[in-house]
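K.L.:
Take a look at the following structure, please.
The values are calculated or read from the model by the stated rules, or taken from the named source; none is laboratory data. Here the structure is a predicted model, which means the values were calculated and not measured. Neighbour counts run over all protein chains shown; Cβ positions are idealised from the backbone, glycine included.
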Amino acid sequence: MIVQITTPRMELWRIDGPFSNVPHFHEEDFQITVPIYGTCDFIQENRNYRLADGSGLVQHPNERHVFEIGEQSGVVIFKVRQAGLETFARSESLELDLRQQFDRTKLAGQFHQWVSALMTGDPNNRMAQDETEEQVFSYLCGALSGSHTSSSRAAAQAHIAAFGMDAYMSQVLEFMHAHYTDAITIEELASIAKQSRFHFIRSFKSSFGVTPYQYVLRLRIDEAKRLLTISDRSITDIAMRLGFSSGSAFYRAFVKSVGVTPEHYRMDRRV
């Protein structure tokens, strides 16, 4: 079985054997290969490795590699853009240690959460994808050892501690309230906040307890509840009016947030 999902800055793979591929390399990506059960026979730059549960191996850009797993084995693979991971780690030339060790149970759980978020979310909502990418990059920077380990964590924590409700964040909130029905991007919000896109997501959640995407979604759902109560607009019309890509995307988001369908919510308010 193969599960694979792609966003602009990463690919997430889970492969349950048997499986083998051909020698290849990635010009602009790090790959981190981690067996979560069984073993993985790996060849990288003409050297042989046997990886067991939770024992990861890093492939830097342009390093040729090939691997094989048997029927009783499974791996999780991260393929992440070099530029994206270096930006998040605040390292212009990131060097990761070849050998890495992961908590395979925690990794399997995290992987399931990331893939579920990407597969059940609105595929046209770039902000939601940004936030899942940030979660993956944050996990990797915390789990991986390398040149970033000592500097990036301290810098990130200092940044979060220093960030407060300043003029820039007030401008971000004003923008979100004025444009929540539009296709807002993390890049736009981060630019207003004068931060990098990844650190803006972290700072915003530290300040408000929710991610930017969750905040915008809350504004949309609150307005949807108001429109369902006071108007006879169709569900599809409300969805389009509030910036959802489809009626089904709005329907899923509403049920997840409110606990009932839009139709039931409307009927309950008019009894």
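K.L.:
Quickly run through segment 244-265 and pick out the residues that are surrounded by 18 or more Cβ atoms within 10 Å (Cβ to Cβ) and farther than 19 Å from Leu118 by Cβ.
P.N.:
Phe254, Pro262, Tyr265 - these are the residues of segment 244-265 that are surrounded by 18 or more Cβ atoms within 10 Å (Cβ to Cβ) and farther than 19 Å from Leu118 by Cβ.
K.L.:
Take segment 224-271 and flag every residue that is without any contact (Cβ under 8 Å) to a residue 24 or more places away in the chain and closer than 26 Å to Leu173 by Cβ.
P.N.:
Matches in segment 224-271: Arg226, Leu227, Ile230, Ala239, Met240, Lys256.
K.L.:
Continuing with this model, one more query. Looking at Ser196, Ser191, can you tell me which residue is more than 15 Å from Thr132 (Cα to Cα), modelled with pLDDT of 90 or more, of a type in the set (S, T, N, Q) and not assigned by TED's automatic domain parsing to the domain that holds Leu85? Let's see the steps before the verdict.
P.N.:
On the way: Ser196 fails: modelled with pLDDT of 90 or more.
When all the criteria are applied, what remains is Ser191.
K.L.:
For segment 86-96, enumerate the residues that are in contact with an Asp or Glu (Cβ under 9 Å, 6 or more places away or on another chain) and of a type outside the set (D, E, K, R).
P.N.:
Residues of segment 86-96 in contact with an Asp or Glu (Cβ under 9 Å, 6 or more places away or on another chain): 86, 88, 92-94.
Of everything in segment 86-96, those that are in contact with an Asp or Glu (Cβ under 9 Å, 6 or more places away or on another chain) and of a type outside the set (D, E, K, R) turn out to be Phe88, Ser93, Leu94.
So that you can scan it fast, the table gives a plain yes or no per residue for (1) in the same structural domain as Leu57 (by TED's automatic domain parsing); (2) touching a residue at least 12 places away in the same chain (Cβ under 8 Å); (3) under 24 Å from Ser257 (Cα atoms); (4) aromatic (Phe, Trp, Tyr):
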position	(1), (2), (3), (4)
Arg104	yes, yes, no, no
Phe111	yes, yes, yes, yes
Ser116	yes, no, yes, no
Met119	yes, yes, yes, no
Pro123	yes, yes, yes, no
Ser138	no, yes, no, no
Gly142	no, no, no, no
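K.L.:
Moving on to the next point. Only residues that are part of a helix (DSSP H, G or I), surrounded by 12 or more Cβ atoms within 10 Å (Cβ to Cβ), out of contact with any Lys or Arg (no Cβ under 7 Å at 6 or more places or on another chain) and not hydroxyl-bearing (Ser, Thr, Tyr): list them for segment 114-133, please.
P.N.:
Trp114, Val115, Ala117, Leu118, Arg126, Met127, Ala128, Gln129, Glu131
K.L.:
Moving on. Does segment 70-93 hold any residues that are assigned to a loop (DSSP other than H, G, I, E, B) and buried (at least 21 other Cβ atoms within 10 Å of the Cβ), and which are they?
P.N.:
Across segment 70-93, the qualifying residue is only Ser73.
K.L.:
Can you name the condition, by its number, that Phe30 falls short on among (1) of a type in the set (Phe, Trp, Tyr); (2) free of Cβ contacts under 8 Å to residues at least 12 places away in the same chain; (3) buried (at least 20 other Cβ atoms within 10 Å of the Cβ)?
P.N.:
(2)
K.L.:
Filter segment 95-113 down to the residues that are assigned to a helix (DSSP H, G or I) and basic (Lys, Arg), then identify the one that is surrounded by the fewest Cβ atoms within 10 Å (Cβ to Cβ).
P.N.:
That would be Lys106.
K.L.:
Quick test for you: out of Gly243, Gly209, pick the one residue that is in contact with a Lys or Arg (Cβ under 7 Å, 6 or more places away or on another chain), under 30 Å from Ser138 (Cα atoms) and not basic (Lys, Arg).
P.N.:
Gly243
K.L.:
Being hydroxyl-bearing (Ser, Thr, Tyr), over 16 Å from Ala108 (Cβ atoms) and assigned to a strand (DSSP E or B) is the filter here; which residues of segment 1-57 pass it?
P.N.:
Selection gives Thr6, Thr7, Ser20, Tyr49.
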